[in-house]
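S.K.: Got a structure here, written out as structure tokens. Questions coming.
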Amino acid sequence: MDKLSIGGKLLDSRLLIGTGKFPNKSIIPRVIESSESKVITMALRRVDLNSQEENILDYIPKDCILLPNTSGARNAKEAVRIARLAKAMGCGNWIKIEVISDNKYLLPDNYETAKATEVLAKEGFIVLPYMSPDLMAAKSLVDAGAAAVMPLGAPIGTNRGLQTKELIRILIDEINLPIIVDAGIGKPSQAAEAMEMGAKAVLVNTAIATAGNPVEMARAFSLSVKAGRMAYLAKAGAQRQYAEASSPLTGFLND
Amino acid sequence: MIVNGKEMDFGKITILKLLENLNLGVNKVAVEVNLEIVPNENYSEYVLSPGDKIEIIRLVGGG
Amino acid sequence: MSFYNEYLEFKNIDFSTFFSKVKKSDILRAIDKDGLDKYDFLALLSPSAEGLLETMAQRAHSLTTRHFGKAILLYTPMYLSNHCVNKCSYCGFNTSNDIYRKKLSLKEIEEEAKTISSSGLRHILILTGESKKASPISYILDAIKILKKYFDSISIEIYPLTEEEYREVITAGVDSVTIYQEVYYEDIYDRIHISGPKKNYRFRLDAPERACSAKMRGVNIGSLLGLWDWRKEAFFIGLHAEYLQSKYPDVEISISLPRLRPHTGSFDEIYPVDNKALVQIMLALRLFLPRAGITISTREEESFRDNLIPLGVTKMSAGVSTEVGGHSSKTKSDNQFEISDKRSVEDIKKMLLSKGYQPVLKDWMHI
């Protein structure tokens with residue numbers, strides 16, 4: 001299978017996975033293994049001084065690229081602050097920008113996201129912004145120096161699939177950066193659908209973490225992402241959309 | 001000083017010692033003093049003063 | 001970034017090997033697909049696609065009506081001057097051709113404007129030969145001031161301008177610019193543009209982008225079909241339009257498909273483009289760029305032009321004269337090329353109505 005190039009790195013797997021919402025952390029290494037993913041997301045939080053917590057990094061294989069997110073940020077300034085903290089912690093220079101000031105639907109703020117992207121890209125971060133699929137906003141992310149654009153398929157955690165399909169299709173057609181569908185993908189078939197459309201990768205968390213058997217679900221996602229990519233490269237036969245009309249339009253060429 | 005929103009009294013103390021006192025691994029957290037990130041390699045020299053606001057951040061699961 | 005980078009990237013692809021490998025199934029897939037890529041487009045320009053022109057035409061027709069309805073915008077060109085400093089081997093205005101040169105005075109421009117606007121047309125395209133001396137920007141600006149009184153849309157087809165100059169003409173009231181590359185293949189471009197400022201390939205190639213960047217509302221590109229292998233030429237026109245469309249989504253990008261016409265002077269290095277070829281070009285462009293405007297000029301014959309309408313045309317010229325002062329003046333200049341379709345605005349309107357199309361004389365206004 002062809003590799004995915006982001007921020008100068010060539011990736012074998014087109015599945016990115018998140019580490020939130022797992023019933024217990026000890027399952028994470030096996031999930032990562034069966035997903036074959038090499039880019040793993042995590043979040044930053046204030047240390048809780050009252051309880052000893054395990055460190056998520058202990059569960060992530062060393063050959064994975066860490067993609068900390070800026071969840072919790074409500075504006076560009078906070079996202080930039082979190083990104084710098086992540087770097088200081090030794091997470092490398094990849095960052096998923098996530099700026100959310102809407103607590104009801106958890107929709108990202110595209111404008112603040114672009115501002116944070118610009119600052120961090122200038123500082124040398126490989127910036128992967130999470131966004132609401134909007135063409136003009138995506139263009140501003142390109143100009144801001146993003147390394148990929150990550151539109152949502154449906155609001156975070158809803159598992160509702162590619163509700164924003166038409167808008168994502170436009171981004172795939174028009175944006176010259178990898179489009180990675182993030183959020184909303186609830187089933188492997190939906191991941192395959194995104195890949196068949198030409199998305200370069202998908203990011204899945206909730207659907208795996210909350211599955212009855214997360215390890216098997218991770219494997220199912222891995223296979224579906226590969227299948228979708230393969231179908232995209234094989235150029236699926238288009239469905240005939242119209243019948244050939246009876247009155248010819250080019251008959252005059254034979255006169 | 002205020003550590004993660006909680007008032008604490010350690011007198012004059014380096015970041016390294018503070019982390020030890022709190023049972024936190026040096027390589028697993030990031031530390032901000034008064035909103036400025038302190039690089040890991042400075043933890044043993046950086047002396048905190050009373051009144052400083054300290055944030056200790058770590059990684060957790062997330063998507 | 002400039003379209004030049006894309007030109008360099010694609011100019012050396014092995015067209016004949018690509019064409020020889022195109023299968024019927026590739027073409028059918030491209031016809032039915034939404035969002036064709038560059039190679040789908042090239043497949044539609046292949047010799048193998050010639051057998052599927054009717055299928056392409058049905059799809060092109062449905063895409064055109066979906067995006068534009070059954071409406072054709074009418075406009076007419078007004079030649080202000082045929083003074084030209086360039087030596088272009090294919091053009092009647094060639095500086096070394098011994099023709100009657102003329103430049104309209106501001107009074108004559110007003111006369112022309114009155115005559116043209118009395119036909120009902122509200123979109124005008126002003127043209128000059130390329131001479132910054134005979135028709136400097138200041139002259140163009142004066143002309144625009146007059147034309148604004150009579151027309152709602154003013155397009156210019158003059159020498160390429162700098163971005164700053166495009167801003168100036170926009171402020172004066174110009175909303176669209178037409179500029180043809182003539183030929184995309186740089187070697188031929190260099191050979192047939194013997195002397196004059198037009199020899200600068202890059203300055204011309206980047207002119208549409210400068211206009212977009214200056215916030216022109218409409219930019220119309222094209223090339224003079226017949227100066228190079230039409231399959232390759234059409235490919236680069238499509239790529240150029242796509243490049244502009246995706247980089248400047250606020251600009252309406254359209255394409256003209258002029259074929260080389262007989263003119264004063266002799267030029268025999270013509271690559272033939274027959275009617276079937278022109279149809280294939282138009283259909284491939286429509287399928288590749290469903291939202292791009294397509295213009296067919298009066299260089300084409302009446303009946304052929306009429307037959308092209310359902311295939312993807314969105315704009316037509318009517319009541320055309322390619323002579324300076326050709327609409328009103330008694331002392332006409334020599335023309336740039338010979339026109340084939342000499343019908344008046346009224347005749348064209350009648351023809352469109354009879355085919356079930358609405359002739360549009362004005363589709364927007366300045367506020």
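S.K.: Give me the pairs: first residue in the stretch C:118-132 and among the hydroxyl-bearing types (Ser, Thr, Tyr), second residue in a strand (DSSP E or B) and open to solvent by less than 10 Å² (accessible area, probe 1.4 Å), beta-carbon distance under 6 Å, and six or more apart or on different chains, which are they?
M.R.: Short answer, once both residue conditions are applied: C:128/C:80; C:128/C:81.
S.K.: Right, next: Checking the conditions here, which among C:113, C:143 is more than 30 Å from residue C:189 (Cβ to Cβ), among the small types (Gly, Ala, Ser) and crowded, with 20+ Cβ neighbours inside 10 Å?
M.R.: Details: C:143 fails: more than 30 Å from residue C:189 (Cβ to Cβ).
Testing whether each residue is more than 30 Å from residue C:189 (Cβ to Cβ), among the small types (Gly, Ala, Ser) and crowded, with 20+ Cβ neighbours inside 10 Å leaves just C:113.
S.K.: Is it true that some residue in the stretch C:36-48 is in a loop (DSSP other than H, G, I, E, B), under 30 Å from residue C:194 (Cβ atoms) and out of contact with any Pro (no Cβ under 7 Å at 6 or more places or on another chain)?
M.R.: Kept after step one, since they are in a loop (DSSP other than H, G, I, E, B), are these residues of the stretch C:36-48: C:36-37, C:45-46.
Next, only the ones that are under 30 Å from residue C:194 (Cβ atoms) stay: C:45.
Within this subset, residues satisfying the condition of being out of contact with any Pro (no Cβ under 7 Å at 6 or more places or on another chain) are C:45.
Yes, the stretch C:36-48 contains a residue that is in a loop (DSSP other than H, G, I, E, B), under 30 Å from residue C:194 (Cβ atoms) and out of contact with any Pro (no Cβ under 7 Å at 6 or more places or on another chain).
Quick grid of which residues meet (1) at pLDDT 95 or above; (2) within 23 Å of residue C:69 (Cβ to Cβ):
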residue: C:270; (1), (2): no, no
residue: C:280; (1), (2): yes, no
residue: C:284; (1), (2): yes, yes
residue: C:294; (1), (2): yes, yes
residue: C:297; (1), (2): no, yes
residue: C:300; (1), (2): no, yes
residue: C:305; (1), (2): no, yes
residue: C:316; (1), (2): no, yes
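S.K.: In the set B:37, B:2, B:13, which member is more than 17 Å from residue A:85 (Cα to Cα) and within 12 Å of chain A (Cβ to nearest Cβ)? Before the answer, list the steps.
M.R.: Numbers: B:37 fails: more than 17 Å from residue A:85 (Cα to Cα); B:13 fails: within 12 Å of chain A (Cβ to nearest Cβ).
The match here is B:2.
S.K.: For residue B:49, indicate whether it is touching a Leu at 6+ places or on another chain (Cβ under 6 Å) and polar (S, T, N, Q).
M.R.: Values: touching a Leu at 6+ places or on another chain (Cβ under 6 Å): no; polar (S, T, N, Q): yes.
For residue B:49, the condition - touching a Leu at 6+ places or on another chain (Cβ under 6 Å) and polar (S, T, N, Q) - is not met.
S.K.: Let me ask something additional. State whether one or more residues within the stretch C:253-264 are open to solvent by less than 10 Å² (accessible area, probe 1.4 Å), within 14 Å of chain A (Cβ to nearest Cβ) and either in contact (Cβ under 8 Å) with a residue 24 or more places away in the chain or among the aromatic types (Phe, Trp, Tyr) (or both).
M.R.: Checking the stretch C:253-264: at least one residue is open to solvent by less than 10 Å² (accessible area, probe 1.4 Å), within 14 Å of chain A (Cβ to nearest Cβ) and either in contact (Cβ under 8 Å) with a residue 24 or more places away in the chain or among the aromatic types (Phe, Trp, Tyr) (or both).
S.K.: Return the residues of the stretch C:88-108 that are closer than 15 Å to residue C:134 by Cα and either in contact with a helix residue (DSSP H, G or I) (Cβ under 9 Å, 6 or more places away or on another chain) or open to solvent by less than 20 Å² (accessible area, probe 1.4 Å) (or both); say none if nothing qualifies. Break it down into steps so the answer makes sense when it comes.
M.R.: Start the filter on the stretch C:88-108 by keeping residues that are closer than 15 Å to residue C:134 by Cα, which leaves C:93-95, C:100-106.
If the condition is that a residue be closer than 15 Å to residue C:134 by Cα and either in contact with a helix residue (DSSP H, G or I) (Cβ under 9 Å, 6 or more places away or on another chain) or open to solvent by less than 20 Å² (accessible area, probe 1.4 Å) (or both), then C:93, C:94, C:102, C:103, C:104, C:106 are the ones that fit.
S.K.: Among the residues of the stretch A:45-60, write down those that are over 12 Å from residue A:19 (Cβ atoms) and either open to solvent by less than 30 Å² (accessible area, probe 1.4 Å) or more than 10 Å from chain B (Cβ to nearest Cβ) (or both).
M.R.: A:47, A:51
S.K.: Any idea which of A:47, A:39 is farther than 24 Å from residue A:218 by Cβ and either among the hydrophobic types (A, V, I, L, M, F, W, C) or in contact with a Cys (Cβ under 8 Å, 6 or more places away or on another chain) (or both)?
M.R.: Numbers: A:39 fails: farther than 24 Å from residue A:218 by Cβ.
The match here is A:47.
S.K.: Output yes when any residue across the stretch A:125-141 is in contact (Cβ under 8 Å) with a residue 60 or more places away in the chain, of a type outside the set (A, V, I, L, M), within 21 Å of residue A:184 (Cβ to Cβ) and more than 14 Å from chain C (Cβ to nearest Cβ), and no when none is.
M.R.: Initial filter on the stretch A:125-141 (in contact (Cβ under 8 Å) with a residue 60 or more places away in the chain): A:126, A:128, A:130.
Okay, now just the ones that are also of a type outside the set (A, V, I, L, M), so A:130.
The next check asks that each one be within 21 Å of residue A:184 (Cβ to Cβ); those that pass are A:130.
Within this subset, residues satisfying the condition of being more than 14 Å from chain C (Cβ to nearest Cβ) are A:130.
Yes, there is a match, as at least one residue in the stretch A:125-141 is in contact (Cβ under 8 Å) with a residue 60 or more places away in the chain, of a type outside the set (A, V, I, L, M), within 21 Å of residue A:184 (Cβ to Cβ) and more than 14 Å from chain C (Cβ to nearest Cβ).
S.K.: Among the residues of the stretch A:174-198, write down those that are touching a helix residue (DSSP H, G or I) at 6+ places or on another chain (Cβ under 8 Å) and assigned to a helix (DSSP H, G or I).
M.R.: A:174, A:188, A:189, A:191, A:192, A:193, A:194, A:195, A:196, A:197
S.K.: Among what's in the stretch A:133-158 and is within 19 Å of residue A:69 (Cβ to Cβ) and open to solvent by 30 Å² or more (accessible area, probe 1.4 Å), pick the residue that is farthest from the chain's Cα centre (by Cα).
M.R.: Residues of the stretch A:133-158 that are within 19 Å of residue A:69 (Cβ to Cβ), as a first pass: A:133, A:137-138, A:141, A:144-158.
Narrowing further to those that are open to solvent by 30 Å² or more (accessible area, probe 1.4 Å): A:145, A:155-158.
Details: A:145: 17, A:155: 13, A:156: 11, A:157: 13, A:158: 15 Å.
Ranking the qualifying residues of the stretch A:133-158, first place goes to A:145.
S.K.: Another question, if that's okay. Tally time: how many residues in the stretch A:1-44 are among the hydroxyl-bearing types (Ser, Thr, Tyr), over 20 Å from residue A:181 (Cβ atoms) and surrounded by 13 or more Cβ atoms within 10 Å (Cβ to Cβ)? Give the derivation first.
M.R.: From the stretch A:1-44, those among the hydroxyl-bearing types (Ser, Thr, Tyr) are A:5, A:13, A:19, A:26, A:34-35, A:37, A:41; that's our starting set.
Of the ones still in play, those that are also over 20 Å from residue A:181 (Cβ atoms) are A:26, A:34.
Now restrict to residues that are surrounded by 13 or more Cβ atoms within 10 Å (Cβ to Cβ): A:34.
The total comes to 1.
Here's the yes/no breakdown for (1) of a type in the set (Phe, Trp, Tyr); (2) within 14 Å of chain B (Cβ to nearest Cβ); (3) under 21 Å from residue A:32 (Cβ atoms):
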residue	(1), (2), (3)
A:155	no, yes, no
A:161	no, no, no
A:177	no, no, no
A:181	no, yes, yes
A:185	no, yes, yes
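The values are calculated or read from the model by the stated rules, or taken from the named source; none is laboratory data. Computed from a prediction, not measured in an experiment: that's the story for all the values here. All Cβ positions, even for glycine, are placed from backbone atoms using ideal geometry, and neighbour counts span all protein chains on display. Accessible surface is based on the protein model in full, side chains and every heavy atom, while ligands, DNA and RNA are left aside. Shrake-Rupley method; radii C 1.70, N 1.55, O 1.52, S 1.80 Å.
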